[in-house]
Amino acid sequence: MQLEQLYQDIILDHYKKPRGRGLREPYGAQVRHVNPTCGDEIDLRVHVVGDTVADVSYEGMGCSISQASASVLHELMVGRTVTEAMSIVDSFTEMIGGRAEPDEDTIGDGVAFAGVAKYPARVKCALLAWMAFKDASVQAGGS
Amino acid sequence: MTASPTVIPPGMPQYDVPALDVDKVRADFPILDREVNGHRLVYLDSGNTSQKPRQVLDVMREHFELHNGNVARSVHTLGTEATAAYEGARQKVAAFIGAPSADEVVFTKNATEAINLVAYSFLNATVGGGDPRFRLGPGDEIVVSEMEHHSNIVPWQLLCERTGATLRWFGITDQFRLDESTLDELVNERTRLVSLVLASNILGTVNATSRIRQRVREVGALFMLDASQAVPHRPVNVVDYDVDFLAFTGHKMCGPTGIGVLYGRRELLEAMPPFLGGGSMIETVRMTGSTYMPPPARFEAGTPPIVEAVGLGAAVDYLSGLGMDSIAWYEKQLTVYALEALASVPGLRIFGPHMAVGRGGTISFDLDGVHPHDVGQVLDAQGVQVRVGHHCARPVCARFGVPAMTRVSLYLYNTTEDIDVLVRGLEKVRGVFS
């Protein structure tokens with residue numbers, strides 16, 4: 001059934017046990033992004049060392065999709081080069097927008113969010129942390 | 001589990017009004033026959049927008065098919081018929097809210113525009129040296145409440161920023177009522193306008209206005225009600241409420257979108273400067289300046305939403321035919337049932353009065369910390385349509401310490417069976433996220 005395609009076990013697992021949650025020092029930039037239609041908020045920090053994403057830390061309120069996607073983002077990005085990270089963001093965004101097939105090699109657990117593409121009202125939830133990350137990375141001077 | 005049906009003892013006032021035949025009502029709403037995600041549609045989002053009965057749809061179709069012409073400017077037959085239909089709708093709306101004259105009913109795009117029209121009257125009078133009742137400056141105060149929809153907050157914030165006036169507000173008590181304990185200080189000789197929500201779109205609270213209105217009169221301020229969530233559900237009479245302005249919208253009361261209403265007392269509308277400029281609102285236009293029509297035409301620039309107004313008139317006929325007293329009592333019984341049923345759901349916390357007294361059929365809640373988006377998604381998979389989020393009343397969410405709420409809003413076509421389906425759906429939500 002459709003609902004189970006949306007709420008995959010990977011998503012519920014990340015939601016119940018978020019990875020990398022909490023705001024940490026040091027960081028190069030911090031941003032706050034909000035979803036004005038539902039009031040979801042995320043504060044996200046990016047720490048870049050040289051050309052590498054050394055940490056992504058975050059705190060926020062939101063639904064399972066937005067919280068789980070922040071957790072997956074943290075897992076995927078830490079240790080990547082900024083260039084790689086931006087390419088992952090692009091792949092994830094394309095998939096959520098229904099413009100590309102899920103590619104597990106690139107976005108790992110992010111493929112669990114492929115079902116979101118069928119729910120236009122939830123696309124913003126899935127992308128909230130990712131857009132915040134993109135914004136913060138640019139501000140951190142990492143690109 | 002399901003709550004037992006509430007039995008109302010004989011002798012209660014609802015026996016004075018005809019009982020609503022909900023099966024007959026439901027047969028008037030074609031959309032209720034459709035399925036959503038393989039389930040019977042259970043529409044619990046009428047506070048957002050109501051569904052439309054066939055009677056309204058038929059009148060609008062017939063207007064386009066037989067009477068379509070522009071209003072207030074044509075000598076031909078179609079134009080005359082269209083004008084008669086448009087002005088006829090104004091008279092129906094005026095009668096529906098007990099307005100002494102149809103000239104006190106201004107058609108707008110929605111309730112938001114109706115409120116903005118009043119806010120801009122203050123701004124325009126302030127800038128243009130208009131009637132002193134509408135001129136504002138530093139030291140003047142506008143009063144709203146923490147319970148307002150954003151549409152009764154933001155226009156006043158903008159007005160105060162632009163004029164130097166101060167915006168103040170009533171708080172909300174822990175019992176989800178307006179906090180009137182500060183009334184005498186809050187509404188004072190500096191107060192120029194008090195604008196309050198009559199029925200909250202999020203808490204369901206129906207505000208008692210007489211004490212506040214009395215104080216407003218004492219200090220010589222103006223009094224406005226946002227009745228968007230009240231007019232569709234209960235009898236609202238502008239003389240009984242003794243308001244200067246009243247705003248509401250068509251699409252929440254079985255009418256179409258794109259049509260709202262501002263009721264204004266004649267002497268005030270006459271003192272207000274024009275709002276939007278253009279055709280229909282003018283008397284004479286010269287290149288050096290223009291003169292303007294009296295109200296309501298002064299505030300209806302351009303071709304108005306004609307068929308939408310006609311549709312609203314049909315909605316008023318439909319509701320009046322059933323009887324607003326009957327609708328109000330039916331919804332009250334349904335609200336009693338819903339409050340009992342929701343109280344039986346483990347981990348569910350209602351934000352709003354827990355008794356069906358001084359409240360309408362709008363019930364917001366939190367379920368065990370499961371985010372409302374997720375609640376709404378799982379319910380939707382079972383055909384149940386509820387609203388989730390901050391409901392354009394973010395200060396209310398902040399007041400009660402939650403980012404969002406799930407909201408059920410009942411209307412005349414809902415049944416106890418709808419509420420049973422909702423309660424079963426909430427059990428499913430708990431199953432997914434526990």
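Quick rundown of the values:
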{"read-out": "Charge sum, other residues only, whose C-beta stays under 13 Å from B:GLY360's C-beta, Lys/Arg counted +1 and Asp/Glu -1", "value": "+4"}
{"read-out": "Contact order normalised by residue count of region B:67-320, Cα under 8 Å, 6+ apart, percent", "value": "24 percent"}
{"read-out": "Antiparallel bridges, percent of DSSP beta bridges restricted to region B:205-274 (to nearest 5)", "value": "60 percent"}
{"read-out": "Net charge over other residues, Cβ less than 11 angstrom from the Cβ of B:HIS63 (K, R count +1; D, E count -1)", "value": "-4"}
{"read-out": "Global form of chain B, assessed from the alpha-carbon gyration tensor, a/c cut-off 1.5", "value": "oblate"}
{"read-out": "Inter-part distance where region A:71-102 and region B:121-137 are each reduced to a Cα centre, Å", "value": "54 Å"}
{"read-out": "Simple Cβ-charge dipole of region A:2-139, Lys/Arg +1 and Asp/Glu -1, about Cα centre, in debye nearest 20", "value": "420 debye"}
{"read-out": "Coordinate range along principal axes, alpha carbons of region B:67-320, Å, largest first", "value": "59, 47, 26"}
{"read-out": "DSSP bridge orientation in chain B - percent antiparallel, rounded to nearest 5", "value": "60 percent"}
{"read-out": "C-alpha long axis of helix B:324-343 to longest principal axis of chain B, angle in °", "value": "40 degrees"}
{"read-out": "Rough spin-label spacing in nm, given labels placed 7 Å along Cα→Cβ, for B:LEU158 and B:ASP131", "value": "2.2 nm"}
{"read-out": "Long-range HN-HN contacts of B:THR362 with modeled amide H, under 5 Å", "value": "B:LEU410"}
{"read-out": "Share antiparallel - DSSP beta bridges, the protein assembly as shown, percent rounded to 5", "value": "70 percent"}
{"read-out": "Of the DSSP H helices in chain A, those whose Cα atoms cover at least 15 Å axially and whose Kyte score averages 0.0 or more", "value": "A:64-77, A:82-96, A:123-139"}
{"read-out": "At most 14 other Cβ within 10 Å, DSSP loop - GluC sites (Glu not before Pro), region B:122-222", "value": "B:GLU189"}
{"read-out": "Charge-dipole axis of chain A as Lys and Arg at +1 and Asp and Glu at -1 on Cβ define it, positive-most pick from A:ILE107, A:LEU44, A:VAL89", "value": "A:LEU44"}
{"read-out": "Burial ordering of B:LEU269, B:LEU203, fewest other beta-carbon atoms within 10 Å first", "value": "B:LEU269, B:LEU203"}
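Read-outs: derived from the displayed coordinates by stated rules, not from any lab. No experiment lies behind these values; they were computed from the predicted model shown. Glycine also receives a Cβ, built like all others from the backbone with ideal geometry; neighbour counts cover every protein chain displayed.
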